[in-house]
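Worksheet: the structure to be examined is printed underneath.
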Amino acid sequence: MIGGLGLPELLIILVIVLVIFGAGKLPQIGGNLGKAIKNFKGGISDDKVEDQTAASEKLEDKPGQEKTK
């Protein structure tokens, strides 16, 4: 299998990470990674909301249309 990661490969990666960072730093690294992913997802959803708001404002600003609010 080309490019696949099986159990032996994942265990080797885990051992290398333990040797490099140590067991004490792993929870901190995991927490920071989780926060980064959460912020990234939040940023993407904020961009979608801003895009939708901008599109609706453009529709409202067209001349010749009555505003019904």
>> Can you tell me how segment 3-48 classifies by the Cα gyration tensor, rounded, prolate or oblate, using a/c under 1.5 as the rounded cut?
In response: oblate
>> Could you work out how much longer the chain between L18 and L33 gets when fully extended? Use 0.36 nm per residue separation minus the Cα distance between them, nm to one decimal.
In response: 3.8 nm
> What list of ³J(HN,Hα) couplings, whole Hz, do you get for segment 10-25 from phi and the Karplus terms 6.51, -1.76, 1.60, once you set θ to phi - 60° and write x for glycine and proline?
Replying inline: 5, 5, 5, 4, 4, 5, 4, 5, 4, 5, 6, 9, x, 5, x, 8
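Throughout, read-outs are computed from the coordinates displayed, never taken from laboratory work. What you are looking at is a predicted structure, and each value in this text was computed from that prediction instead of being measured.
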